[in-house]
Amino acid sequence: MSKKLLFQAIIVCCFCFVSMVSAGLAIAQTAVVKGNVVNLRSGPGTGYAVIGEAKQGDRLSVLDTSGEWSKISRGSLTGWIHSPLITVEAGNQTATGQTAVVTGSTVRLRAGAGTSHPVVGEVPAGTRLPVLGKSGDWLNVLLSSNKTAWVAGWLVRVEGSPAPAPSSAAPTPAAPSGTLLPPVQIAVKIAVVTAGIVNVRASAGVSYPVVTQVNQGTRLAVVGGTNDWVNVKLNTGQTAWIARSLVRLEESTAPSTPQNPASSPPTTAVPSPPAGQPGQGSPGGAEEPMPSGYVAVVKASSAGVREGPGVQNPVMCFVFQGERFPVLAQKDIWRKITLSDGRTGWVATSQVNIEKAETPSRDGSFDGSWTLEASESGGRTQIVIKSPVPFEYNTFTLSGPSRLVIDLFGVPNTELPSGSTPHSQAVSQVRVGWQSDAAAGRVVCDLAQGLGLTRHRVEVSPDRKSLKVELWIANDVLDGRVIVIDPGHGGADPGATGPTGYKEKDFNLQTALETARLLRQEGVEVILTRTTDIRLGSTTAEDLDARSRIANQSNADLFVSIHANANLDRSKHGTSLYYHSHPENHVGCAKLARALQASLVKELGRKDLGIFDRQFLVLKNLNMPGALVETAFLSNHEEERLLAQDWFQNRTAIAIVDGIKAYYNN
Amino acid sequence: MAFWRKGIVLVTCLSILAIGLVGCGNFRQTGSTNSIADGTLEPTLQVNLYFSDRDGYLRVEKRDLPDNQRIMLAVMEELVKGPAPGSKLTDTIPEGTVVHSVILDGKVAVVDFSEEIQTNHWGGSLGESITLFSIVNTLCQFEDVERVEITIEGEKVVTLAGHLDLTQPLTPNENLVRD
Ligand SMILES: [Zn+2]
């Protein structure tokens with residue numbers, strides 16, 4: 001049979017390919033950054049210009065050394081770093097001198113070698129990725145973000161030797177590049193929205209749900225992309241996708257080194273605006289200059305920047321919470337700021353906080369230490385942590401006594417901010433310490449009441465220099481939870497179809513919308529994977545992948561997928577629940593399935609078929625407990641009639657809400 | 001209750017070909033034979049086929065098949081044909097489906113079906129499970145097979161009907177089987 005021969009031929013090809021790759025391994029060195037935040041310079045010495053920075057733990061490829069300095073590369077950036085600030089290792093993350101060129105149309109990047117590992121990104125055809133190693137027929141590749149990922153060997157072409165300049169063979173993609181470019185001044189890409197109001201979507205394609213909308217002029221940090229879509233970071237910290245044709249890509253300096261620091265007090269009242277800038281209407285009275293070193297930090301979720309001081313002036317763009325801009329001048333309630341593209345505009349003081357700017361010192365260490373402020377409003381305790389340099393964080397809860405721990409990686413190891421005793425409803429005391437083994441700041445909130453009732457929510461500013469932690473005593477078990485409701489199938493995939501033609505995708509969607517409505521009434525933040533009759537992607541594989549990705553990106557607490565069952569024999573009927581026992585969170589999944597099944601059987605009165613542990617794709621990659629509801633059998637005449645009716649869908653939704661409550665109560 | 005395990009697979013080795021018994025340690029003689037056109041008799045093997053009962057569980061139907069090199073393909077072809085006339089069991093494979101090939105890759109049997117197995121499928125978590133595990137349980141009765149990978153028209157597939165993960169070869173499911 002010819003198919004058999006073809007299959008064998010493919011297997012033989014794979015083996016040839018893998019042995020080709022392993023033959024080409026050459027050892028390069030990896031530098032791990034030891035210092036807190038370390039400058040990258042254009043040459044080997046402090047006399048050279050700073051062209052970027054690296055954070056503690058960053059992994060960089062070492063290209064060369066000169067005296068006490070090492071030449072390193074990170075993505076498309078090459079630069080010099082002071083050798084005492086790095087640890088050089090010749091470990092497994094070494095370049096092979098080979099480049100994988102993506103041949104499949106859009107190729108997934110995964111966290112491990114195999115399709116069972118979570119998808120961490122996608123790259124378009126033509127993308128060139130340095131190969132670090134291999135496992136089976138999977139290749140470990142280096143991304144421009146300096147992270148590593150795995151790509152299937154059969155979807156790439158491996159090219160032999162390291163290319164010193166971009167190859168002409170493949171189109172240069174927007175995202176990762178495997179070739180090393182000459183030193184550039186800039187490390188961060190910014191997408192500037194060029195169209196009026198633009199949809200931002202959960203994934204790269206118009207079929208994905210809209211997660212938010214952004215206005216013209218909005219500036220978003222680029223974290224990746226395909227040929228047609230740009231992966232951007234929102235001010236919520238989430239990433240999302242925006243069409244490439246609707247943005248202009250710009251390069252910007254790293255967030256910690258503002259492009260236009262107000263280094264000396266302006267000698268004239270108003271610096272003249274850049275050419276092409278519309279004149280500012282400032283009818284009554286002149287604007288006053290501001291002393292240097294002040295920044296406006298946006299405190300509203302978004303604020304309009306106007307061409308002049310007053311609401312009669314047109315809005316030129318929007319700025320977002322946490323963004324910082326040097327202040328040039330003031331007039332009444334208006335402050336004139338310099339945007340990161342060099343233009344100037346006016347914001348109202350009600351939208352911003354005016355703060356003294358920190359200026360970086362020469363060596364990459366920063367003046368100023370991190371700060372902590374605790375306040376109480378509306379029954380919620382708010383803790384704001386600010387650092388002069390970007391930092392990463394991790395939160396976890398401990399019991400006996402109940403406390404919330406926030407570890408801060410990358411904040412300066414300087415004098416610690418003092419703790420606080422807010423005497424709030426939720427927090428009795430806030431303590432601050434330094435974890436020298438982890439080189440991290442630690443904030444501990446001692447919780448006033450039992451852990452079960454205290455909720456917290458963490459929000460990080462886009463520049464990662466400010467963290468807001470909110471703690472409160474929840475009204476009930478659902479208040480403040482984030483829950484993903486997933487209506488199964490959709491669009492070209494109808495799921496099962498009943499004997500009279502009622503479709504599973506329609507039941508799933510109607511019931512999910514009703515479930516979301518009821519959960520929102522309980523104070524739940526509901527995320528629906530779809531709200532219309534669509535498939536999330538062009539194939540079922542893409543669709544299922546997008547659903548779990550939406551859940552993981554939203555850091556949800558729970559995932560509930562809604563389906564209707566089917567069997568060839570129409571006599572089969574009843575309710576069942578499916579879960580996927582992960583090694584890490586199987587307890588939660590089984591508990592969720594049990595709670596939902598009990599509630600559905602009680603509320604709907606259909607036959608109890610039980611709960612089943614099965615390898616379901618939509619549940620497989622979830623970072624939180626998840627379960628899939630098979631409400632009743634669409635293939636059964638009686639149950640099809642039930643499933644199609646509003647009241648049955650409403651009862652199903654009530655049962656799911658009750659089941660979730662029961663899950664949290666036990 | 002490992003009723004489907006290899007050791008219990010009932011198999012025929014033809015009594016006339018006594019020498020054939022030596023290589024068939026696992027198989028039990030049943031005495032049945034198949035006539036071949038040239039008048040010789042071919043050995044047969046009694047195999048388990050997993051079909052669905054009315055309640056959505058898998059049950060075994062035994063069938064004698066010629067014991068030769070294409071036994072795995074033959075067993076899949078029999079599964080596609082469905083239960084014997086008059087049986088209380090029902091089909092597990094959608095109408096119109098053709099088995100293209102069964103290839104052994106180590107201990108993994110790779111079965112390739114025509115697209116009808118997907119386009120004509122009735123869906124549902126149960127419906128999908130029954131189809132897949134009737135295939136997997138049936139093939140895993142052979143000692144050489146530990147896991148089963150399903151391909152459609154020669155292509156790897158991620159899922160059959162949108163629920164079960166097919167990116168990894170499947171192992172048999174005993175919980176779906178009733179005696
Ligand atoms: Zn379904």
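The values are calculated or read from the model by the stated rules, or taken from the named source; none is laboratory data. Quantities reported herein were computed from a predicted structural model and do not represent experimental measurements. Every residue, glycine among them, receives a Cβ derived from its backbone with ideal geometry; neighbour counts consider all protein chains shown.
Scanning segment A:497-512 for residues that are part of a helix (DSSP H, G or I) and of a type in the set (Phe, Trp, Tyr) gives a single hit, A:Phe507.
Could you grab me the full set of residues in segment A:552-595 that are within 19 Å of A:Leu509 (Cα to Cα) and away from every other protein chain (no Cβ under 14 Å)?
Within segment A:552-595, the first condition is being within 19 Å of A:Leu509 (Cα to Cα), and the residues that meet it are A:558-566, A:575-578.
Those that are within 19 Å of A:Leu509 (Cα to Cα) and away from every other protein chain (no Cβ under 14 Å): A:Leu558, A:Phe559, A:Val560.
Within segment A:631-647, the residues that satisfy the criterion of being surrounded by 16 or more Cβ atoms within 10 Å (Cβ to Cβ) and in contact (Cβ under 8 Å) with a residue 60 or more places away in the chain are A:Thr631, A:Ala632, A:Phe633, A:Leu634, A:Ser635, A:Asn636, A:Glu639, A:Glu640, A:Leu643, A:Ala644. In segment A:566-573 there is no residue matching the filter, namely being more than 16 Å from the ligand (Cβ to nearest atom) and surrounded by 22 or more Cβ atoms within 10 Å (Cβ to Cβ).
Before we move on, is A:Asp608 more than 10 Å from every other protein chain (Cβ to nearest Cβ) and farther than 20 Å from A:Ala541 by Cα? Before the answer, list the steps.
Numbers: more than 10 Å from every other protein chain (Cβ to nearest Cβ): yes; farther than 20 Å from A:Ala541 by Cα: yes.
Yes.
Among the conditions (1) in contact with a Pro (Cβ under 8 Å, 6 or more places away or on another chain); (2) farther than 19 Å from B:Asp53 by Cα, B:Val102 misses just one, which is (1).
Name the residues in segment A:481-492 that are surrounded by fewer than 19 Cβ atoms within 10 Å (Cβ to Cβ) and either at negative phi or more than 16 Å from the ligand (Cβ to nearest atom) (or both), would you? Working first, answer last.
Kept after step one, since they are surrounded by fewer than 19 Cβ atoms within 10 Å (Cβ to Cβ), are these residues of segment A:481-492: A:482, A:491-492.
Of everything in segment A:481-492, those that are surrounded by fewer than 19 Cβ atoms within 10 Å (Cβ to Cβ) and either at negative phi or more than 16 Å from the ligand (Cβ to nearest atom) (or both) turn out to be A:Val482, A:Ala492.
Select from segment B:94-138 the residues that are of a type in the set (Asp, Glu) and farther than 26 Å from A:Ala564 by Cβ and list them in ascending order.
If we filter segment B:94-138 for residues that are of a type in the set (Asp, Glu), which is where we start, we get B:95, B:105, B:112, B:115-116, B:128.
The answer is B:Asp105, B:Asp112.
Any residue that is assigned to a loop (DSSP other than H, G, I, E, B) and within 16 Å of the ligand (Cβ to nearest atom) - is there at least one of those in segment B:134-148? Checking segment B:134-148: not a single residue is assigned to a loop (DSSP other than H, G, I, E, B) and within 16 Å of the ligand (Cβ to nearest atom). Considering every residue within segment B:134-145, establish whether at least one is at the interface with chain A (Cβ under 10 Å from one of its Cβ atoms) and closer than 29 Å to A:Ser538 by Cα. So far as segment B:134-145 goes, no, none of its residues is at the interface with chain A (Cβ under 10 Å from one of its Cβ atoms) and closer than 29 Å to A:Ser538 by Cα.
In the set B:Asn68, B:Asn34, only one residue is part of a loop (DSSP other than H, G, I, E, B), modelled with pLDDT under 95 and more than 11 Å from chain A (Cβ to nearest Cβ); that residue is B:Asn68. Apart from one condition, B:Ala161 fits all of (1) more than 26 Å from A:Gly488 (Cα to Cα); (2) at the interface with chain A (Cβ under 9 Å from one of its Cβ atoms); the exception is (1).
Condition check ((1) over 35 Å from the mean Cα position of the chain (by Cα); (2) in the same structural domain as A:Ala655 (by TED's automatic domain parsing); (3) more than 16 Å from the ligand (Cβ to nearest atom); (4) part of a strand (DSSP E or B)) across all residues:
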position: A:His563; (1), (2), (3), (4): no, yes, no, yes
position: A:Phe612; (1), (2), (3), (4): no, yes, no, yes
position: A:Leu619; (1), (2), (3), (4): no, yes, no, no
position: A:Leu622; (1), (2), (3), (4): no, yes, yes, no
position: A:Leu642; (1), (2), (3), (4): yes, yes, yes, no
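Which of the residues spanning segment A:549-561 are of a type outside the set (Lys, Arg), under 17 Å from A:Thr531 (Cα atoms) and more than 16 Å from the ligand (Cβ to nearest atom)?
We begin by selecting, within segment A:549-561, every residue of a type outside the set (Lys, Arg); these are A:550-561.
Checking which are under 17 Å from A:Thr531 (Cα atoms) leaves us with A:550-551, A:554, A:559-561.
Once the filter is applied, which keeps residues that are of a type outside the set (Lys, Arg), under 17 Å from A:Thr531 (Cα atoms) and more than 16 Å from the ligand (Cβ to nearest atom), segment A:549-561 yields A:Ile550, A:Ala551, A:Ser554.
Of all residues in segment B:116-132 being over 16 Å from B:Lys81 (Cα atoms) and more than 8 Å from chain A (Cβ to nearest Cβ), which is nearest to the ligand (Cβ to nearest atom)? Ranking the candidates gives B:Glu128 first.
Restricted to segment A:513-560, and to residues that are touching a helix residue (DSSP H, G or I) at 6+ places or on another chain (Cβ under 9 Å), of a type in the set (Gly, Ala, Ser) and part of a loop (DSSP other than H, G, I, E, B), which residue is nearest to A:Val107 (Cα to Cα)? Per the criteria, the residue is A:Gly537. Beta carbons closer than 6 Å, at least 6 apart along the sequence or on distinct chains, pair a first residue in segment A:480-507 that is within 20 Å of A:Thr532 (Cβ to Cβ) and among the charged types (D, E, K, R) with a second that is part of a strand (DSSP E or B) and at pLDDT 95 or above for A:Asp486/A:Ser561; A:Lys503/A:Thr497; A:Glu504/A:Ala564; A:Lys505/A:Gly490.
Of all residues in segment A:575-603, those being over 20 Å from A:Thr515 (Cβ atoms) and either within 16 Å of the ligand (Cβ to nearest atom) or assigned to a strand (DSSP E or B) (or both) number 1. When restricted to residues that are surrounded by fewer than 23 Cβ atoms within 10 Å (Cβ to Cβ) and at the interface with chain B (Cβ under 10 Å from one of its Cβ atoms), segment A:618-630 contains 1. Only one entry of A:Leu132, A:Leu139 meets the criterion of being among the hydrophobic types (A, V, I, L, M, F, W, C), modelled with pLDDT of 80 or more and under 27 Å from A:Ala240 (Cα atoms), and that entry is A:Leu139. Counting only residues that are out of contact with any strand residue (DSSP E or B) (no Cβ under 8 Å at 6 or more places or on another chain) and within 16 Å of the ligand (Cβ to nearest atom), segment A:493-509 holds 4 of them. For segment B:164-179, a residue qualifies if it is part of a loop (DSSP other than H, G, I, E, B) and more than 12 Å from chain A (Cβ to nearest Cβ), and the qualifying residues are B:Pro172, B:Glu174, B:Arg178, B:Asp179.
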